[in-house]
1. Against the definition (more than 29 Å from Trp107 (Cα to Cα) and surrounded by 11 or more Cβ atoms within 10 Å (Cβ to Cβ)), how does Thr302 come out, yes or no?
2. Look through Leu24, Leu62, Leu33 and report the one residue that is among the hydrophobic types (A, V, I, L, M, F, W, C) and over 30 Å from Asp243 (Cβ atoms).
3. Quick test of your reading of the structure: Arg169 fulfils all but one of (1) modelled with pLDDT of 95 or more; (2) out of contact with any Gly (no Cβ under 6 Å at 6 or more places or on another chain). Name the failing condition by number.
4. Spot the failing condition for Pro318; the list is (1) in a helix (DSSP H, G or I); (2) at pLDDT 95 or above, and only one is missed.
5. Anything in segment 266-281 that is under 8 Å from Asp177 (Cβ atoms) and among the acidic types (Asp, Glu)? List them, or say none.
6. Limited to segment 6-28, what total is found for residues that are out of contact with any helix residue (DSSP H, G or I) (no Cβ under 7 Å at 6 or more places or on another chain) and surrounded by fewer than 18 Cβ atoms within 10 Å (Cβ to Cβ)?
7. If Arg221 satisfies all but one of (1) outside any loop (DSSP other than H, G, I, E, B); (2) at pLDDT 95 or above; (3) not β-branched (Val, Ile, Thr), what's the number of the condition it fails?
8. If we scan segment 215-230, do we find a residue that is hydrophobic (A, V, I, L, M, F, W, C), surrounded by 15 or more Cβ atoms within 10 Å (Cβ to Cβ) and closer than 16 Å to Ala145 by Cα?
Amino acid sequence: MHNPTILVTAAAGKTGSATALQLLRKGYPVRALVRRLDHRSERLEAAGAEVVVGSLEDIVDLRAALAGVQRAYFCPPLESGALRKTTLFATAAKEAKLEVVVALSQWLCDPTHPALHAAEKWLSGRVLDWLPGVDVVTINPGFFADNYMTALEPIAQFGLMAMPLGDGRNAPPSNEDIARVVVGALTDPRRHAGKTYRPTGPRLLDPGELAAIFGKVLGRRVRYRNAPIALFLKVAKSMGYSDYLISQLYFFLLDYQRDAFGLGAPTDVVLEVSGSPPEDFESIVHRYVAASPLVERGFGATIRAGGHLLKALATPRPRLEAIADRLELPRISHATLAAESAAWRRSHVVSSPTRATEASA
C-alpha cells in the first residue's frame, strides 16, 4: 500500500522544511510548495521532494499544487493576508477533496487580540473548520526557540541578551519539534482529527535562565537586560523586518511580558504526538552556535557586531500608528491582549496538556 502524497506549504521555511524532510525520511511522497528556487529548495529536491514554485495568494498555483495530493500541511508565513491565504487554500483544498489538513496557527490566537495576525489566525481556524469532509488538526506553538537566535551575535560578542521580555516565561519549542507534531498528525490523522495541540519545550524558562544557557554553551557570562520595546523595534527595522511584522511583534512582546507564553506551559504534546521527548533549550542553542559564524570572537567580529548595533541605534524608531494607518490595519474597540483575556486564559488552563482545546483557542 502506497503512502499518500502530502503537500507542504512554505516548505523552505522554518517548520515547513523540517516537516518535509521528516516526512521524506518516513517514506512519504512530498510536494514542496516554495516561493522561489534557491539553496533551500535545492536541499528539499535533493532529499527527494517534488518542488513546485507558487504563491498562497494565487488560486491557480494552489489548485496545481494540490492536484493528486491527499494530505497537506498549511503553514502561512507571518505576513499580511493570513485570512485571505487561508480562504484561498480552503477553497482549493475542498476542490481537491483532501483527507486532512494540519494547520499552523499560534499560541496567542484570539478573535479580540490587537495583533491582526493573531485575530486572523483564529478566524482562519474557523474557515478550516467549515471544510466539508476534511479533517483538520491545529498546531498552536508558543514563542519559538528560533526567535531568540536573532540576538545571537550580540549575545556571543558582548555577553548581552537585551530583549524586551520583562519577566515573562516561555518553554521554547524547536522548529524540529513543532515539525514532529505536524508529522505525527499527518501520518496518523484518525488519531488527531479535530484536535488542537500546543507544542512546547520541556521546561519553563525566565529570561535570566535563557541568558545563562546561552552563556553555558558559549563559554562566557551572558547577562539579560530588559530592553525597551521601542529600541527592539528599531533593531528589527535595521535588520529588514517588514512594517507589518514589526507592528505585530509589538503586541506579541507585550503579551510575552505579561507571561502569556508561560500560561499552560510546558505541555507534553511533543512526546504524546511524536513519541519523542522535546529538545531542551541548551541542545537547541548548541545546534545554532555550531552552525553560526556570528559566534566566532575576535577583533573583526566585535567591530562587525558594533557596526550592526550603531546601525540599529541610527535607524528611526518605527511609528506604529503611522504603520497601522498606511497598512490600513483595523482597530477594534474591544481589543484585548491574550494574557488579559478571560476567555483566552480559560482555554489555556486544561486538565491535560494534550487535550483538544475549545474552538476559541
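The values are calculated or read from the model by the stated rules, or taken from the named source; none is laboratory data. Computed from a predicted model, the values in this text were never measured in an experiment. FYI the Cβ positions are ideal-geometry reconstructions off the backbone, even for glycines, and counts take in every protein chain you see.
1. Values: more than 29 Å from Trp107 (Cα to Cα): yes; surrounded by 11 or more Cβ atoms within 10 Å (Cβ to Cβ): yes.
When the stated conditions are applied, Thr302 passes them.
2. Numbers: Leu62 fails: over 30 Å from Asp243 (Cβ atoms); Leu33 fails: over 30 Å from Asp243 (Cβ atoms).
It is Leu24.
3. Arg169 satisfies all of (1) modelled with pLDDT of 95 or more; (2) out of contact with any Gly (no Cβ under 6 Å at 6 or more places or on another chain) except (2).
4. So Pro318 meets the others, but not (1).
5. Glu279
6. Within segment 6-28, residues that are out of contact with any helix residue (DSSP H, G or I) (no Cβ under 7 Å at 6 or more places or on another chain) and surrounded by fewer than 18 Cβ atoms within 10 Å (Cβ to Cβ) number 2.
7. Single failed check for Arg221: (1).
8. Within segment 215-230, the subset hydrophobic (A, V, I, L, M, F, W, C) is 217-218, 222, 227, 229-230.
Filter again for surrounded by 15 or more Cβ atoms within 10 Å (Cβ to Cβ), leaving 217-218, 222, 227, 229.
Restricting the remaining residues to those that are closer than 16 Å to Ala145 by Cα gives 217.
Yes, there is a match, as at least one residue in segment 215-230 is hydrophobic (A, V, I, L, M, F, W, C), surrounded by 15 or more Cβ atoms within 10 Å (Cβ to Cβ) and closer than 16 Å to Ala145 by Cα.
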